[in-house]
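The structure appears below as structure tokens.
The values are calculated or read from the model by the stated rules, or taken from the named source; none is laboratory data. Bear in mind the structure is a predicted one, so any value in this text is a computation, not a measurement. Neighbour counts are summed over all protein chains in view; Cβ atoms, including those assigned to glycine, are modelled from backbone coordinates with ideal geometry. To get the accessible areas, we keep the full protein, side chains included, count just its heavy atoms, and leave off ligands, DNA and RNA. Shrake-Rupley method; radii C 1.70, N 1.55, O 1.52, S 1.80 Å.
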Amino acid sequence: MTGTELTGTTMAPPAASPASPASPASRRDSARIRARTVRQAKSVSLNGLGLLIALATLFPIFWMVSTAFKPSQEIYSLTPSLLPAHPTVGNFDQVISGQVTGGIGPIWLFFRNSLAVTLSTVVFASILSLLASVAVARFRFRLRTTLLVLLLIVQMIPGQALIIALFLDFKSLNLLGSLLGLIVVYSAQALPVTIWMLRNFVATIPRELEEAAAIDGATAQRIFWRILFPLVAPGLVATSIFAFITAYNEFIVALTFLGQAQSAYTLPIYVTYFFGRGGAAWGPIMAASTMYTIPVMIFFLIVRRRLVGGLVAGAVKG
Amino acid sequence: MAQSIRSDHAPRSVPRLSGPGTARERLGTFVRRHKLAPYLLLAPALIGIALVLLWPLAQVAIYSFQNYGLAQITGVLPAQWVGFANFSTTFTDPEFWLSLRNSLLFAIVAVPLTLLVGTIVGLLLNRLGKKMSIFVSTAALLAWATPPVSASVLFYWMFNPDGGIVDWALARMPHWLVGGTDWAGYNWATNGPVQAYTMIAILVVWQAFPFVAVTLLAGLKTIPAELTEAARVDGASPWRVFRRITFPLLKPIYLVLLLLSVIWDFNIFTQSYIIISLGNQNEYNLSMYIYDKAFGFPPSYGLGGALALIFALILLVVTVGYVRASIRQGALT
């Protein structure tokens, strides 16, 4: 390296200096300026790329919301505009009142169904996986490792492979058109992953804490509620998120189980139902999708830190 | 072994046994002496998994050798064993091979595309300033949060021949860029598997790249900055830095992401069911073919069972790879 000023700016193009400098001092200056320009150009191009990616990623969501607020003549206009020229809540009105082509009731009914299924799944999956994760993280027993590997494999069994047997089983149990059937299936489907996630959390809690409490005479219940539970609570948040997403988004089981039982439809089934029936009523369809999507987006934004940490731990570590 | 276990526990259980003991205490002693605690804790979860995930899989295997259909489900006729008839019907059906081909080709295109976009965004997030990085990751988070059903309906609308924004934009672009097709009113969903799966691939990449980017970012943060900095000072190009330093260090994460993506993309049902819809046989993927065979008319749970079994076996191969990669990464420690 000749010019010491060049250190750290090796990305600078070697040739193509525009003006021939007169003195060594001004040459140093021009090199410094050039280095700064390159740095700025790089920063601008990086930020430009970031902006482009972010806008491209946001566009479909923007388009959904924008369409939802457009009156129908604007939706089918030959020159679509980005924003509605005459924004209207008419599409939302139709969806909320249930007075929409192909509609089967006000959207709140399906919100209620989805909420009932999702919350029950979160509660069941959390309780069952907490118990199981304590077992695999704290006890040594026969087939423990086999069990953990089995859970990893079971987690990957696709719903499509099981749906035939599940349909026939739940039909004979008379649980097809009911929310209870969905809750049972979703809770079990979430378990392999939630057990793994919680196991990773329990395993990080030092065993000495519990041992010290045990020596001081605390009962097993007390140790669990006073020591283990508060420490594993962040893990429970992560598993709850996973169970929530599993249940709120699930499609194939709900599609197959609910069939014609329209009053038990969950939101995804409701949205696809009148997507299929409503002809080309894109305004109300986008309004319904928006209402279905926005809550989960807000939820993701609230829990974003835990989501990234927890789900990555769950996915990469098992 | 048994000796040592007993002697371990003798001091703790003896004082409790010496008292008269309520039923509850005696139960506790019984659990402790036989080391039942882990099994009791596991029982509820394992019963759920066994009944809802494992037993149905076994049933599917049984159905695949039976002629289980409409007459059987209504109880008119009992199910009969038919040997490998369902499998030979499947393997001689050209639609099966077509749907398998569609599934495979889709995964071959969508998986590398997801990993590529995810890598670019992950590397970018690692280099960007704080504000911009939050903006980009928030956008990615929102795409990730969109439920598959919403996303599918939304992309169907964007690619719709009547009023869809994609056809409108393509029709206004110069021909040298977008080819000579008349894009106005172009139907992506029904014009053939290539068109339909192009649309689904864009949708799937849009939904899946955030997970890849965020996972890689977590990995990138563990790489000491001095390492890549030093290489860059020594004049290595960004591509070389990635290939020689970043990628080798992130290889285990890449392996897991690759296998997960293969499993997910080979599996897709929600997106293809909504966008392609039942009836377009030449655009079926394996999932839709199975669903149609099992629940179409007349329903054939035996044929569907055979297909589901084949499907599960194909996925098992990938899953074993995924499990091995996870274990090698220290999942079991």
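Can we say A:L180 is assigned to a helix (DSSP H, G or I), modelled with pLDDT of 85 or more and surrounded by fewer than 21 Cβ atoms within 10 Å (Cβ to Cβ)?
Spelling it out, A:L180 is indeed assigned to a helix (DSSP H, G or I), modelled with pLDDT of 85 or more and surrounded by fewer than 21 Cβ atoms within 10 Å (Cβ to Cβ).
Going residue by residue through the range B:157-177, is there one that turns out to be more than 14 Å from chain A (Cβ to nearest Cβ), in a loop (DSSP other than H, G, I, E, B) and open to solvent by less than 30 Å² (accessible area, probe 1.4 Å)?
Scanning the range B:157-177, I find no residue that is more than 14 Å from chain A (Cβ to nearest Cβ), in a loop (DSSP other than H, G, I, E, B) and open to solvent by less than 30 Å² (accessible area, probe 1.4 Å), so the answer is no.
Within the range A:135-148, how many residues turn out to be touching a residue at least 24 places away in the same chain (Cβ under 8 Å) and of a type in the set (A, V, I, L, M)?
At the first step, the residues of the range A:135-148 found to be touching a residue at least 24 places away in the same chain (Cβ under 8 Å) are A:136-138, A:148.
Next, from what is left, pick out any that are of a type in the set (A, V, I, L, M): A:136-137, A:148.
Residues in the range A:135-148 being touching a residue at least 24 places away in the same chain (Cβ under 8 Å) and of a type in the set (A, V, I, L, M): 3 in total.
Is it the case that B:I275 is open to solvent by 10 Å² or more (accessible area, probe 1.4 Å), in a helix (DSSP H, G or I) and among the β-branched types (V, I, T)?
Spelling it out, it is not the case that B:I275 is open to solvent by 10 Å² or more (accessible area, probe 1.4 Å), in a helix (DSSP H, G or I) and among the β-branched types (V, I, T).
Can you confirm whether the range A:130-144 contains a residue that is within 11 Å of chain B (Cβ to nearest Cβ), at positive phi and among the aliphatic types (A, V, I, L, M)? Let's see the steps before the verdict.
Restricting attention to the range A:130-144, the residues satisfying the condition of being within 11 Å of chain B (Cβ to nearest Cβ) are A:130-144.
Applying the additional criterion that residues be at positive phi yields A:143.
Next, from what is left, pick out any that are among the aliphatic types (A, V, I, L, M): A:143.
Yes, there is a match, as at least one residue in the range A:130-144 is within 11 Å of chain B (Cβ to nearest Cβ), at positive phi and among the aliphatic types (A, V, I, L, M).
Given the options B:G48, B:G75, name the one that is within 14 Å of chain A (Cβ to nearest Cβ), more than 29 Å from the chain's Cα centre (by Cα), more than 30 Å from A:L49 (Cβ to Cβ) and not acidic (D, E).
Only one candidate passes the filter, namely B:G75.
Looking only at the range A:25-45, how many residues end up being farther than 28 Å from B:L125 by Cα and among the polar types (S, T, N, Q)?
Total satisfying the criteria: 2.
Filter the range A:136-174 for residues that are polar (S, T, N, Q) and crowded, with 19+ Cβ neighbours inside 10 Å and give the result.
Result: A:Q155, A:Q160.
Determine which member of the set A:A116, A:A188, A:A203 is surrounded by 19 or more Cβ atoms within 10 Å (Cβ to Cβ) and not charged (D, E, K, R).
Working: A:A116 fails: surrounded by 19 or more Cβ atoms within 10 Å (Cβ to Cβ); A:A203 fails: surrounded by 19 or more Cβ atoms within 10 Å (Cβ to Cβ).
Answer to the check: A:A188.
Looking at the range A:262-273, is at least one residue assigned to a helix (DSSP H, G or I), surrounded by fewer than 19 Cβ atoms within 10 Å (Cβ to Cβ) and of a type in the set (S, T, N, Q)?
Yes.
Go through B:S277, B:S237 for me and flag whichever is out of contact with any Leu (no Cβ under 7 Å at 6 or more places or on another chain) and at positive phi.
Unique residue meeting the criteria: B:S277.
Hey, B:Q72 hits all of (1) open to solvent by 50 Å² or more (accessible area, probe 1.4 Å); (2) at pLDDT below 90 but one; which does it fall short on?
B:Q72 satisfies all of (1) open to solvent by 50 Å² or more (accessible area, probe 1.4 Å); (2) at pLDDT below 90 except (1).
Contact list please: Cβ distance under 6 Å, first residue in the range A:149-165 and more than 7 Å from every other protein chain (Cβ to nearest Cβ) and under 17 Å from A:T246 (Cα atoms), second residue open to solvent by 10 Å² or more (accessible area, probe 1.4 Å) and at pLDDT 90 or above, pairs at least six apart or on different chains.
Going by the 6 Å Cβ cut-off, the qualifying pairs are A:Q155/A:V193; A:G159/A:I252; A:I163/A:I252; A:I163/A:T256.
Here are some residues: B:A213, B:A230. Which one is more than 10 Å from every other protein chain (Cβ to nearest Cβ), farther than 30 Å from B:E95 by Cα and in a helix (DSSP H, G or I)?
From the options B:A213, B:A230, the qualifying one is B:A230.
How many residues are surrounded by 18 or more Cβ atoms within 10 Å (Cβ to Cβ), assigned to a helix (DSSP H, G or I) and at the interface with another protein chain (Cβ under 7 Å from one of its Cβ atoms) when one looks only at the range B:125-143?
So the count comes out to 8.
Taking the range B:82-114, which residues are under 30 Å from B:P238 (Cα atoms) and open to solvent by 20 Å² or more (accessible area, probe 1.4 Å)? Quick ask: steps written out before the conclusion?
In the first step, residues of the range B:82-114 are kept if they are under 30 Å from B:P238 (Cα atoms); the result is B:107-114.
Matches in the range B:82-114: B:I108, B:V109, B:P112, B:L113.
Every residue in the range B:237-277 that is β-branched (V, I, T) and more than 30 Å from B:A189 (Cα to Cα), please.
B:V241, B:I245, B:T246, B:I253, B:V256
Just wondering, is there one or more residues in the range B:283-305 that are over 30 Å from B:A71 (Cα atoms) and open to solvent by 10 Å² or more (accessible area, probe 1.4 Å)?
Within the range B:283-305 (the criterion being over 30 Å from B:A71 (Cα atoms) and open to solvent by 10 Å² or more (accessible area, probe 1.4 Å)), the answer is no, since none of the residues qualifies.
Just to be sure I understand, how many residues within the range B:220-254 are within 21 Å of the chain's Cα centre (by Cα), at pLDDT below 90 and either surrounded by 17 or more Cβ atoms within 10 Å (Cβ to Cβ) or of a type in the set (S, T, N, Q) (or both)?
1
If I ask for residues that are open to solvent by less than 10 Å² (accessible area, probe 1.4 Å) and at the interface with chain A (Cβ under 8 Å from one of its Cβ atoms), which ones from the range B:306-321 would you list? Reasoning before the result, please.
Here is the first cut: in the range B:306-321, the ones open to solvent by less than 10 Å² (accessible area, probe 1.4 Å) are B:306-308, B:311, B:315, B:319.
Answer for the range B:306-321, where residues must be open to solvent by less than 10 Å² (accessible area, probe 1.4 Å) and at the interface with chain A (Cβ under 8 Å from one of its Cβ atoms): B:A308, B:F311, B:L315, B:T319.
Determine which member of the set B:V323, B:V318 is in a helix (DSSP H, G or I), of a type in the set (V, I, T) and without any contact (Cβ under 8 Å) to a residue 40 or more places away in the chain.
B:V323
Each row is one residue, and each column tells you yes or no for (1) surrounded by 15 or more Cβ atoms within 10 Å (Cβ to Cβ); (2) more than 8 Å from chain B (Cβ to nearest Cβ); (3) free of Cβ contacts under 8 Å to residues at least 40 places away in the same chain; (4) not small (G, A, S).
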| site | (1), (2), (3), (4) |
| --- | --- |
| A:A54 | yes, no, yes, no |
| A:T57 | yes, no, yes, yes |
| A:V65 | yes, yes, no, yes |
| A:Q73 | no, yes, yes, yes |
| A:S81 | no, yes, yes, no |
| A:A85 | no, yes, yes, no |
| A:V89 | no, yes, yes, yes |
| A:D93 | no, yes, yes, yes |
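Consider the range B:178-210. How many of its residues are assigned to a loop (DSSP other than H, G, I, E, B) and open to solvent by 60 Å² or more (accessible area, probe 1.4 Å)?
5
It is to be established whether one or more residues within the range A:220-235 are closer than 28 Å to B:Q207 by Cβ, of a type in the set (G, A, S), open to solvent by less than 30 Å² (accessible area, probe 1.4 Å) and within 19 Å of the chain's Cα centre (by Cα).
yes
So which residues in the range B:158-181 are closer than 17 Å to B:T198 by Cβ and of a type in the set (D, E, K, R), if there are any at all?
If the condition is that a residue be closer than 17 Å to B:T198 by Cβ and of a type in the set (D, E, K, R), then B:D167 is the only one that fits.
Every residue, every condition in (1) over 21 Å from A:L179 (Cβ atoms); (2) in contact with a Gly (Cβ under 9 Å, 6 or more places away or on another chain); (3) among the acidic types (D, E), yes or no:
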position	(1), (2), (3)
A:V237	yes, yes, no
A:A247	no, no, no
A:E250	no, yes, yes
A:Q260	no, yes, no
A:I269	no, no, no
A:F275	yes, yes, no
A:I285	yes, yes, no
A:Y292	no, no, no
A:P295	no, no, no
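Is it the case that some residue within the range B:176-198 is modelled with pLDDT of 85 or more and more than 29 Å from B:Q281 (Cβ to Cβ)?
The answer is no, given that none of the residues of the range B:176-198 is modelled with pLDDT of 85 or more and more than 29 Å from B:Q281 (Cβ to Cβ).
May I ask you to verify whether A:V122 is within 12 Å of chain B (Cβ to nearest Cβ), more than 30 Å from B:W157 (Cβ to Cβ) and surrounded by 14 or more Cβ atoms within 10 Å (Cβ to Cβ)?
no
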